[in-house]
Amino acid sequence: MAHTDFIPYGRQSISEDDIAAVVKSLRSDFLTQGPCVTEFEQALCAKVGARYGVAANSATSALHLACLALGVGEGDSVWTSPNTFIASANCARYCGADVDFVDIDPRTYNMCAEKLADKLARAKVEGKLPKVIIPVHFAGQSCDMKAIHILSKEYGFRIIEDASHAIGSKYQNKYVGNGEFSDICVFSFHPVKIITSAEGGMAVTNDEQLAKHMRTHGAQGTTKSPEELTQIPGDWYYEQHTLGFNYRMTELQAALGLSQLSRLDDFIARRHKQFQNYQRLLKDLPVILPYQDKDNYSSLHLFPILLPIGNETARKGVFDSLRQAGVGTQVHYIPVHIQPYYQQLGFAGGDFPIAEDYYARTLSLPLFADLTYAQQERVALILKHALIANRVMSA
Ligand SMILES: *Cc1c(COP(=O)(O)O)cnc(C)c1O
């Protein structure tokens with residue numbers, strides 16, 4: 001059991017049914033490459049309205065497969081948001097491509113569509129247009145996909161949605177992942193995300209060729225599909241057609257993911273209730289609460305608050321005070337371009353000032369399915385004390 005007093009910022013919710021589903025798969029004939037993986041792929045596709053799903057051992061792997069399927073390689077450029085987990089950028093680096101970033105919208109903290117349009121216009125003049133753009137639906141709130149999609153037609157790039165935070169989110173009344181405005185959409189099932197398979201991810205698409213490419217490359221570059229084989233000498237036979245990876249999801253992971261998927265709507269409903277509670281509990285504190293676009297329905301993966309001023313000392317003080325008082329806060333995200341690895345590639349502090357200012361002021365408060373109202377009250381009280389102790393507000 002977790003320490004009873006400490007409130008983590010995120011935590012999985014595992015039911016007896018989830019446990020029974022995993023035990024059942026353990027007792028079955030297949031621990032990997034069995035029926036649960038296919039069932040999970042089909043159930044998730046049915047939920048979000050996509051045609052093909054390719055399960056993988058992580059969203060990072062699925063993002064890599066997505067880049068490969070879209071032909072990303074050396075000499076290409078892939079753009080993403082600086083306000084994301086490093087995997088959104090690293091997937092392009094795995095393929096040998098260059099990475100660049102588009103600064104965020106100060107209200108949604110997502111990639112800013114106007115800044116993207118400006119940067120594309122400049123890149124066109126310089127002959128440096130990106131091959132792929134990876135918008136990240138930060139905290140579960142969809143990016144302005146319609147605007148990005150229109151730009152993709154004008155400038156000829158492809159789109160991978162990094163929807164690691166956004167399973168169950170809706171954009172313009174349709175589930176993220178339905179593919180109307182992108183080529184491929186990737187979900188994560190890491191334990192801090194909305195639903196979990198321990199480790200795991202899935203790429204969904206409406207394009208059969210992209211799905212096949214991702215499936216083959218996630219399974220060592222091999223195929224067993226009769227229509228793809230050059231000969232069929234017997235049932236043992238498979239062919240390697242390309243150099244792939246072992247990115248497969250196991251049956252245990254898929255059994256857990258499938259069971260969790262049936263709880264998705266309940267999880268998100270609970271997060272919305274908690275979100276409303278926080279709005280009430282924090283309304284007198286001098287912090288900026290996350291903005292919610294009325295047209296979209298967010299999974300509410302995170303609850304990032306902003307301190308009123310860009311002051312890393314105050315943020316560190318509040319962070320430490322919260323942690324010491326048993327409130328598991330976290331910072332989402334350190335801008336990817338200031339990671340030493342990306343600085344070695346030529347990026348520097350100051351390159352994406354809005355993401356950097358946001359980073360200096362943000363803290364994510366606990367938000368997860370089993371968070372209780374009493375815990376939320378405690379978070380609010382401890383936050384108030386922490387703001388006073390660090391002179392962000394007066395007593
Ligand atoms: C968690 C996360 C990933 C990576 O997911 P894994 O399943 O842990 O590989 C990628 N992008 C974003 C935005 C994430 O939050």
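The values are calculated or read from the model by the stated rules, or taken from the named source; none is laboratory data. The shown structure was predicted, so the numbers you read here are calculated from the model rather than taken from an experiment. Here the Cβ is made from the backbone with ideal geometry for all residues, glycine too, and neighbour counts use every protein chain on show. Only protein heavy atoms, including side chains, enter the accessible area calculation; ligands, DNA and RNA are left aside. Shrake-Rupley method; radii C 1.70, N 1.55, O 1.52, S 1.80 Å.
Determine whether G326 is within 22 Å of I7 (Cα to Cα) and touching an Asp or Glu at 6+ places or on another chain (Cβ under 6 Å). Quick ask: steps written out before the conclusion?
Details: within 22 Å of I7 (Cα to Cα): yes; touching an Asp or Glu at 6+ places or on another chain (Cβ under 6 Å): yes.
Taking the combined requirement at face value, the residue satisfies it.
Tally the residues that are outside any loop (DSSP other than H, G, I, E, B) and open to solvent by less than 60 Å² (accessible area, probe 1.4 Å), restricting the search to the stretch 343-374. Quick ask: steps written out before the conclusion?
So in the stretch 343-374, the residues outside any loop (DSSP other than H, G, I, E, B) come out as 343-344, 353-365, 373-374.
Still in the list and also open to solvent by less than 60 Å² (accessible area, probe 1.4 Å): 354-356, 358-365.
Final tally of qualifying residues: 11.
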- Message: Can you tell me which residue is most open to solvent (accessible area, probe 1.4 Å) among those in the stretch 202-238 that are free of Cβ contacts under 8 Å to residues at least 24 places away in the same chain and of a type in the set (D, E, K, R)?
- Response: D235
- Taking R271 as the residue in question, decide whether it is crowded, with 20+ Cβ neighbours inside 10 Å, touching a residue at least 24 places away in the same chain (Cβ under 8 Å) and over 19 Å from the mean Cα position of the chain (by Cα). no
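Kindly indicate whether R158 is of a type in the set (D, E, K, R), closer than 20 Å to T38 by Cβ and either open to solvent by less than 40 Å² (accessible area, probe 1.4 Å) or in contact with a strand residue (DSSP E or B) (Cβ under 8 Å, 6 or more places away or on another chain) (or both).
Values: of a type in the set (D, E, K, R): yes; closer than 20 Å to T38 by Cβ: no; either open to solvent by less than 40 Å² (accessible area, probe 1.4 Å) or in contact with a strand residue (DSSP E or B) (Cβ under 8 Å, 6 or more places away or on another chain) (or both): yes.
Answer is no for this residue.
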- Hey, D183 farther than 14 Å from G257 by Cα, in contact with a strand residue (DSSP E or B) (Cβ under 6 Å, 6 or more places away or on another chain), in the same structural domain as A50 (by TED's automatic domain parsing) and within 11 Å of the ligand (Cβ to nearest atom) or not: no
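Quick check on L282: is it assigned by TED's automatic domain parsing to the domain that holds M202, out of contact with any Asp or Glu (no Cβ under 8 Å at 6 or more places or on another chain) and surrounded by 17 or more Cβ atoms within 10 Å (Cβ to Cβ)? Walk me through how you get there before you give the answer.
Numbers: assigned by TED's automatic domain parsing to the domain that holds M202: no; out of contact with any Asp or Glu (no Cβ under 8 Å at 6 or more places or on another chain): yes; surrounded by 17 or more Cβ atoms within 10 Å (Cβ to Cβ): yes.
Criteria not met by L282.
Taking P304, is it touching a residue at least 12 places away in the same chain (Cβ under 8 Å), surrounded by 20 or more Cβ atoms within 10 Å (Cβ to Cβ), outside the structural domain of T196 (by TED's automatic domain parsing) and farther than 22 Å from S81 by Cα? Quick ask: steps written out before the conclusion?
Numbers: touching a residue at least 12 places away in the same chain (Cβ under 8 Å): yes; surrounded by 20 or more Cβ atoms within 10 Å (Cβ to Cβ): yes; outside the structural domain of T196 (by TED's automatic domain parsing): yes; farther than 22 Å from S81 by Cα: no.
So P304 fails the test.
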- Task: Output the residues belonging to the stretch 239-256 that are open to solvent by less than 20 Å² (accessible area, probe 1.4 Å) and touching a helix residue (DSSP H, G or I) at 6+ places or on another chain (Cβ under 6 Å).
- Result: G244, M249, E251, A254, A255
- Query: Is there a residue being open to solvent by less than 10 Å² (accessible area, probe 1.4 Å), without any contact (Cβ under 8 Å) to a residue 40 or more places away in the chain and in a helix (DSSP H, G or I) anywhere in the stretch 128-151?
  - Reply: yes
